[in-house]
Amino acid sequence: MESLIKMDCREITYGSAEYVQTIALRKKILREPLGLEFTEDELLAERWSFHLTCWSGDALLACVMLSPSQGKKIRMRQLAVSEKWQRQGIGRTLVKYLEIFTHELGCHEIVLHARESAVLFYEKLGYSKEGDRFFEVTLPHFSMQKHLS
Ligand SMILES: CC(C)(COP(=O)(O)OP(=O)(O)OC[C@H]1O[C@@H](n2cnc3c(N)ncnc32)[C@H](O)[C@@H]1OP(=O)(O)O)[C@@H](O)C(=O)NCCC(=O)NCCS
């Protein structure tokens, strides 16, 4: 179902005040529940990624990173929707924006490591599982991919 929430998806700049907000959101949604922190090296490496976000006015609803991978593949990383905004179509909207963004970069395949708990979400958006279940950041994951038409 399409979201009825008025929102605005856009790329933000690494190191900006908006980027700092995305770190806070990713920490809260993805790392703190696992008792983990981002290391300085991890955050430094993010300067090579694209940072895409979804906003309602000044409120950051969701964020995701895209990193170049082998060939014309691009890797989706750390998709996080603010807790009170989950299951309202925000994740779907941001992934659709990310796919247009990827296409405009001239890339035609998106790959990711999906938490097992989120596999159904990605399958609904046309992503397919590849290979066996594995563990990352203490959680079961699957590799997934989608070819953009
Ligand atoms: C997983 C996540 C990104 C999904 O974003 P969202 O905004 O909550 O999802 P949407 O509302 O856009 O959902 C789109 C569809 O997927 C379904 N869906 C969403 N999350 C799901 C989940 N965890 N399991 C099964 N289905 C899910 C929705 O019900 C909806 O289905 P419908 O179209 O049939 O109604 C978000 O819930 C989140 O940030 N979760 C915590 C962090 C996380 O797991 N990130 C992914 C790391 S790989």
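A short reminder: the numbers here are calculations on the coordinates, not readings from a lab. Since this is a predicted model, take the numbers as computed values, not measurements. We place every Cβ from the backbone using ideal geometry, glycine too, and count neighbours over all the protein chains shown.
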#### Entry: Mean residue ellipticity (222 nm) of the chain, computed from DSSP H runs ≥ 4 via -39,500 (n - 2.57), nearest 500
-7000 deg cm²/dmol
### Task
Based on a Kirkwood Rh over C-alpha pairs, give the Stokes-Einstein translational diffusion coefficient of the chain at 25 °C and viscosity 0.890 mPa s in µm²/s.
156 µm²/s
### Query
In debye, nearest 20: dipole of region 1-93 around its Cα centre with unit charges on the Cβ of K, R (+) and D, E (-)?
400 debye
### Of K84/K124; K28/K146; K27/K84; K6/K28; K6/K84, pairs whose Cα-Cα distance is over 26 Å
K28/K146
### Query
Distance in nm between label sites at R10 and D41, each 7 Å beyond Cα in the beta-carbon direction?
3.5 nm
### Summary
Sorted by chain and number, the residues with a modelled amide H under 5 Å from that of Q86, at a separation of 5 or more or across chains, are none
### Query
What distance in nm separates the simple spin-label points at E116 and D132, each placed 7 Å from Cα in the Cβ direction?
1.4 nm
## Note on the structure
Taking a ≥ b ≥ c as the square roots of the eigenvalues of the Cα gyration tensor, with a/c under 1.5 meaning rounded and otherwise prolate when a/b exceeds b/c and oblate if not, region 68-149 is oblate
